[in-house]
Structure formats: C-alpha cells, structure tokens
1. Mind listing whichever residues of segment 1-25 are in contact with a Leu (Cβ under 8 Å, 6 or more places away or on another chain), under 17 Å from Lys228 (Cβ atoms) and not in a loop (DSSP other than H, G, I, E, B)?
2. I need the full set of residues from segment 458-478 which are touching a Ser or Thr at 6+ places or on another chain (Cβ under 6 Å) and touching a residue at least 24 places away in the same chain (Cβ under 8 Å), in order please.
3. Return the residue satisfying two criteria in turn: it lies in segment 140-164 and is touching a His at 6+ places or on another chain (Cβ under 7 Å) and not in a loop (DSSP other than H, G, I, E, B), and of such residues it is surrounded by the fewest Cβ atoms within 10 Å (Cβ to Cβ).
4. Take the residues of segment 81-115 that are surrounded by 19 or more Cβ atoms within 10 Å (Cβ to Cβ) and among the hydrophobic types (A, V, I, L, M, F, W, C): which is farthest from Val47 (Cα to Cα)?
5. Which residue, of Tyr64, Tyr34, Tyr54, is among the aromatic types (Phe, Trp, Tyr) and in contact with a strand residue (DSSP E or B) (Cβ under 6 Å, 6 or more places away or on another chain)?
6. In segment 359-373, which residue that is more than 16 Å from Gly349 (Cβ to Cβ) and touching a strand residue (DSSP E or B) at 6+ places or on another chain (Cβ under 8 Å) is surrounded by the most Cβ atoms within 10 Å (Cβ to Cβ)?
7. Pick from segment 445-487 the residues that are under 34 Å from the mean Cα position of the chain (by Cα) and among the acidic types (Asp, Glu): which of them is nearest to Lys308 (Cα to Cα)?
8. Residues to consider are Asp229, Asp248; find the one that is touching a Gly at 6+ places or on another chain (Cβ under 9 Å), of a type in the set (Asp, Glu) and surrounded by fewer than 23 Cβ atoms within 10 Å (Cβ to Cβ).
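Computed from the coordinates by the stated procedures, all read-outs in this text should not be read as laboratory data. Everything numeric here is computed off the predicted structure, so don't read it as measured data. Cβ: placed from backbone, ideal geometry, glycine included. Neighbour counts: every protein chain shown.
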Amino acid sequence: MTIRLYNTASRSKEDFTPITEGKVGIYVCGVTVYDLCHIGHARSAIVFDVLVRYLRARGFDVTYVRNFTDVDDKIIERSLQFGKESTELAQEYIDAFYKDMDRLGVLSPDKEPRATEHIDDMIGMIKTLIEKGFAYVEGPDVFFSVQKFETYGRLSGRRLEDMKAGSRIAVNKRKRHPMDFALWKGAKPGEPRWESPWGPGRPGWHMECSVMSNFYLGPTFDIHGGGKDLLFPHHENERAQSMAANEDSEFARYWVHNGFVTVESEKMSKSLGNFITIRDALDQYHPEVLRLFLLSRHYRSPLDFSRKDILNLQQGFIKIYRTLQRFDVMTGEDDVKDEKPSLPGSLTGSQDDEFLREFVNTMDDDLNTAGAVGLLFEKVKEMNRLMNNLNGQTDPLTLSRLKNDRRHLLRAAGVLGVLGSSPQDFLADLSQTSDIDPAEIDAMVRERAKARDRKNWAEADAIRQELKEKDIILEDGPEGTSWRMDV
C-alpha cells in the first residue's frame with residue numbers, strides 16, 4: 001500500500017515518498033492572531049490534524065510544525081483600535097485559538113513557533129537574499145525581486161507577465177516590478193519595531209514561514225500545507241525566497257491545500273452577516289459532529305456549511321453512538337477507554353481485517369476522509385444487523401466478531417479524531433448544543449411503541465404529532481422505529 005497525495009506543485013496525485021525513510025516533516029501555515037478563528041480555520045486545522053494522525057497511524061515518525069503570525073498589519077490596526085499593545089492582543093487570540101482547537105479535538109503540533117521569536121533569523125535570511133542578488137533595499141524597506149527568480153509563479157500556475165498587483169499585494173511605486181514583495185518593512189510611528197541593518201522595522205509576512213520551516217525542518221522538507229487561499233501570493237513567495245536563499249534546496253516536496261468553506265452556498269463574509277466563528281459553531285453543534293462534518297467532503301473540495309446537512313449528519317452520528325451504547329448494554333462491557341487509535345502504528349496489521357484494509361486503501365488515496373466517513377457508517381450498519389440476528393441469544397462467535405468490529409471501528413475513528421467519548425457523555429453533551437434532547441425523543445418513541453402494542457392508536461398518533469411539531473419525523477420499519485430531524 002502506498003500513500004498518494006495531490007501535489008499542488010505538479011497538479012497531480014503522487015506517491016508519497018519522504019526524504020528520510022520512516023520520517024516526515026510537515027509545516028502548515030497557522031493563523032494570524034487578530035480575531036477569533038472562523039470555520040474556515042477549523043477546516044484547515046482539522047484536515048492537517050487528520051493527515052498527521054494518519055501518517056503516525058501508518059507508522060511514520062512525524063514532526064509537525066504550525067506557526068502563529070503574531071506581528072502583522074491587521075494585528076497592529078486592531079490593537080490601536082482597542083487601545084492595547086499588539087503583544088497583548090495577539091496573546092488573547094492565541095489563548096482563544098487554543099481553546100477552540102482543544103474543543104475540536106485538534107492535537108498540538110510538535111513545534112508551534114511565533115513569528116516574533118525568529119526576527120534575528122529573518123534578518124539573517126534577508127541579508128543572504130541581498131548578497132545573492134535576489135533582494136534590493138529601498139530606503140527603510142527591502143524587497144524581493146521576482147524577476148531574478150526564474151521559476152516564480154510555477155507553484156500557483158501563473159506567468160509573471162500576466163500578473164498584476166491585486167487586493168492582497170501592496171502597491172508601492174518604489175518596487176522595481178509590481179509583484180515584488182516586502183521582506184522587511186520600515187517602521188511607521190506607533191508600530192512594533194526591531195533593529196536591523198536597514199533601520200527599525202519588522203519582517204514581511206512571507207518571510208516568517210520560510211525562516212521557521214527552515215529552522216525546525218531544514219531547507220528541504222516533506223509537506224507544506226495550508227488553505228487554498230494561501231497558494232498565491234503567500235506560498236508562491238515563500239517558495240521563491242526560500243529556494244533563492246538555499247539554492248540547492250527544493251523547499252517543500254509536496255504542497256497540500258484544503259478547499260474553501262462557504263455558508264449556505266455563499267462566500268463567508270462579515271459584510272454578508274454569515275461570518276461564523278468556531279466559537280459560534282460550537283454553541284450550535286457538538287464538537288465531534290462539527291469535526292465529522294468538516295471531514296465529510298474531500299479536503300480539496302469546497303465545503304458548504306449548511307445547517308440542514310450538519311443536522312442530517314448529526315442524526316447518523318447519533319445512530320453510531322447508539323450502536324456502541326447498545327453493544328455495551330448487550331455485553332456488559334465498556335472498554336472504550338482502552339482503545340488508543342490515534343497512537344503511532346495503530347493501523348499496523350490492518351491487512352488482516354477487511355474493514356481496516358478498506359479504510360487504509362481509502363485514506364491512502366489522497367486522504368479521502370469523505371470515503372472513510374462512509375465506511376464508518378457502513379460498519380455500524382453491519383454491527384446492528386449482527387446484533388439484530390442475535391435476537392437476545394448468546395452466540396460466542398457473533399459476540400467475538402462484534403467485539404472485533406467495534407475495536408476496528410474505534411481504531412479508524414480515532415484516526416479521524418471522532419468517537420472519543422462514551423455514548424452517555426456524547427448524548428448528554430449533545431443535548432446542551434441542540435434544541436433537541438435525543439434521550440427525550442427516544443423516550444417518546446418508546447412510549448409510542450407501547451401505545452401501538454396496546455392498540456391505542458389515538459395515543460400513538462398524538463405522540464407522533466407532538467414530535468412532528470418539534471420537527472421530528474418518525475420512520476417505522478421492520479427493525480423498529482427510527483427518527484430524524486425535518487430540516
């Protein structure tokens with residue numbers, strides 16, 4: 001089995017072969033800490049969290065680096081607006097970020113540097129670029145000359161002659177080419193500043209990631225990740241200045257980008273009133289439900305944040321936990337906490353089980369979490385069929401198979417970062433983030449079943465109607481009555 005990843009640089013899926021056998025270095029661009037993070041940030045964090053989990057589960061020794069941009073125009077502007085020091089503001093939003101990531105079950109990176117911790121290293125790289133003729137000084141500023149770097153534009157698939165300065169690229173008449181970008185910015189009054197050979201100032205945004213990835217992973221490493229919005233100009237500029245400074249390096253061998261998030265089919269924007277922070281989303285949806293939803297589409301595809309789709313997925317997720325609860329009641333066992341599916345090597349020996357083999361094959365195909373989520377639901381259906389066939393009887397072979405099924409289900413789910421709670425805890429927590437209490441609905445469904453057994457059709461219909469008024473739809477079938485939300 002070979003892991004294949006879509007490499008933005010080649011615009012194709014490639015077999016993943018790390019530089020050093022058994023070891024993987026990953027650098028992912030983190031957030032600029034000037035505001036609370038939104039659901040787009042959540043998707044990126046979760047996608048790369050799963051990539052790291054999966055690589056470790058496949059036996060790789062992973063070094064995962066994700067940075068904080070803690071000095072930036074937006075941070076300075078917001079700090080002046082709030083009357084705070086930029087360092088104080090940045091720390092507040094870093095703390096908020098940690099709280100959000102913890103609730104989403106995102107593991108901490110191995111290294112999480114801040115831009116301000118590597119200013120001297122950035123000055124050193126800028127000096128190197130000037131000495132090699134790739135950068136030039138204009139007053140208190142230093143710019144990278146894109147015309148000096150022959151393959152500028154190759155990563156994003158753009159031709160230099162077709163490029164024009166856009167909304168995210170500062171227009172400066174002192175640039176020799178409109179696409180030249182700042183490596184060092186001279187300080188303006190009231191801004192944070194550091195001393196440099198070109199006067200007091202601060203580094204450009206792109207410089208920090210080049211320096212920090214080089215510091216922790218070396219001039220060439222395996223995977224560089226981030227949101228699709230970072231491909232140009234940020235990642236294009238990172239690549240140019242890094243390869244120019246380290247002329248024998250490839251910089252990143254594989255470039256992995258996750259797709260955009262829309263809200264009810266519209267681009268997320270504060271001006272449209274559909275800007276959803278992670279904090280807002282977690283007030284409405286259980287963290288595991290939100291996490292699973294963000295993994296329910298392929299990471300490169302656009303994802304529409306639709307309440308209807310989330311609640312539909314939630315209903316299916318409730319059934320998974322109900323199945324685990326049913327199994328625990330049937331066996332009188334609860335060894336969920338003994339399962340540690342996110343630990344390194346948790347998928348070793350996966351060829352011995354059909355479900356895990358299919359899970360690995362699916363995830364090997366460019367981290368296909370959408371397909372993997374589907375496999376979880378199929379496995380749960382199979383477990384329910386086995387339990388139904390038991391019909392209250394004790395069959396050692398079936399029970400043994402069910403135990404294996406649950407163990408393998410949890411191993412796979414752990415790689416995705418879900419099913420980490422007990423069924424009781426999940427259902428209790430769910431009632432706090434939803435207008436619907438699943439336990440209350442289940443109780444009403446049972447009462448209706450009893451009324452039907454007594455042939456009290458009036459009471460049964462009354463319960464159905466009461467549930468309908470709560471937007472709950474009942475579906476009667478050979479295996480009993482199930483319910484879903486009418487959204």
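1. Leu5, Lys13
2. Matches in segment 458-478: Leu474 only.
3. Gln147
4. Leu89
5. Going through Tyr64, Tyr34, Tyr54 in turn, the sole match is Tyr64.
6. Step by step, filter segment 359-373, then rank; the result is Leu367.
7. Ranking the candidates gives Asp486 first.
8. Asp229
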